[in-house]
Structure formats: C-alpha cells, structure tokens
Amino acid sequence: MVYRDIQEGRFVRRVNRFTAEVEIEGITRLCHVKNTGRCRELFVNGAACCLQRMRGERKTGWDLISVVKNGHMINVDSQAPNKLFAEWVCKGGLGKSYEIFPERFYGASRLDFCLKDGSGGLAYAEVKGVTLEENGIALFPDAPTERGVRHINELIRAREEGLDALLFFVVQMKGPKALVPNRKTHSAFAEALCTALEAGVSVMAYDCAVSRDSIAVDSPMPVFAGKR
C-alpha cells in the first residue's frame, strides 16, 4: 500500500477525535486524524510524523498517516488494515486463492470480509488494526470495544456452524515480538479471544514494514491469549 504526496512534520496537539495540529515547515496546520482511538502514547507534542497532502475542498488539507515512537514508525491510518489484509490474501497469504467480498453480514454483525475458495467454501474474517505497543508487546484494544467482542462472538458462531473463521490482527509497525489482548483495558475482549481460540477460530497476527510513504503486511508473530 503506497501513499502519495507525503510530507514530514511534527505533531503539536490533538484537537479532538478527528483533527490535530501539526507543524509542517515551521507552520502550524490542521490535519485530519485517520484514527479515532486514544493513541495517547503516540500523539505527543514534538513527535515526528508523516502526513499526506489531500486535494479538493476540505477543511483539512492533510491526513495524519504515521508517527515515530522510540525510533519506530507506526502507521495510524485505521483504513489501512483492511486494505492490507485484502492485498495479503490476494498474494496468497492464506495458502490458496480466494474470492474476496468486503463487508458482509453474518448474524447480527457486519464482518470485514467473506472469503470464497475455489470449491465454494466460505470463510468469514474480521481484521483489527493494532497501534499500541508496550515493552516490545503489541496490545489490542487500546480502548474498550464492545463492537470487537460482538465480532468475535459472530466468528465463534460461524465456526460452530461449520464455516472457517479468522480473526486477523494487523500490527501497524515493526518491533513487537508478540500480540497480547489488553486485558486491563477490556477484559471482555480478552475473554472472548480465549473462547474463540477454544472454538477453533483461527487467530493470526502479522507486523508490517512501514516507511514514510508505504506499509505492507510482513511477518507473523505469536498471539498469547493468556489465562482466563
């Protein structure tokens, strides 16, 4: 996945969930934040960042794409993980070819993808982007997510009904050695993840190669659900 018209800058402050002030070539500008998560450890004054110039009539002329933390560039574009997963599947990441159908309803939820293999077999997939890292461990979520729990429960239901089900974490950085559910932030999500593993839902996590103007799914990492 490649971004065009990238400019380096410095983060100043977050104004609200959707906008922030950044300094570009000595001028403070307003930019769109493509991530409504907390990201408190990333959005700090003075942090180096990369922004994409956006054309057309908009209140903000820039999108915040990535932030540097401890020497690692972390992509914060919440729209990227689904695109990256689709690219990865198309390149054979799951070991065989699939026809990809984005945003398909299953049960009471709209899941990110329905995958159809050559024999007509179906698999449902939910993709989660991860931007939180602590002490070399990637953590999800960074805020309580009842929606995330509901999605996991639908994946469990799909598996119980004989369909393949996949929960895929896109860790939007290099550096972490494993992914762990953020139990202290949302214990219900951690519990749901344990149940999903017991039910046979495939749970995978991959880190990403991130540069100033690109991001790509790179290497697998272990997922440790921990004890109940």
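Quick look at the numbers
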quantity: Residue count for region 36-52, restricted to those that are surrounded by 14 or more Cβ atoms within 10 Å (Cβ to Cβ) and not aliphatic (A, V, I, L, M); calculated: 8
quantity: Selection status of N82, surrounded by 14 or more Cβ atoms within 10 Å (Cβ to Cβ) and among the polar types (S, T, N, Q); calculated: yes
quantity: Of the criteria (1) part of a loop (DSSP other than H, G, I, E, B); (2) in the same structural domain as E146 (by TED's automatic domain parsing); (3) under 21 Å from D213 (Cα atoms), which one F43 fails; calculated: (2)
quantity: Strands (runs of 3 or more DSSP E) (entirely within region 60-173) containing at least 2 residues that are of a type in the set (D, E); calculated: 98-106, 109-117, 132-134
quantity: Residue list for region 80-122, filter: modelled with pLDDT under 95, under 20 Å from the mean Cα position of the chain (by Cα) and polar (S, T, N, Q); calculated: S109
quantity: Checklist (1) of a type in the set (D, E, K, R); (2) surrounded by fewer than 21 Cβ atoms within 10 Å (Cβ to Cβ); (3) touching a Gly at 6+ places or on another chain (Cβ under 9 Å) applied to E126, failing item; calculated: (2)
quantity: Matching residues, region 148-180, being hydrophobic (A, V, I, L, M, F, W, C) and closer than 17 Å to D207 by Cβ; calculated: L167, F168, F169, V170, V171, M173, A178, L179, V180
quantity: Considering residues of region 195-228 that are in contact with a Pro (Cβ under 9 Å, 6 or more places away or on another chain) and loosely packed, with under 15 Cβ neighbours inside 10 Å only, the residue modelled with the highest pLDDT; calculated: F224
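The values are calculated or read from the model by the stated rules, or taken from the named source; none is laboratory data. Note that the structure is a prediction, hence the values are computed from the model and not measured. Here Cβ is always computed from backbone atoms with ideal geometry, including for glycine, and neighbour counts include all displayed protein chains.
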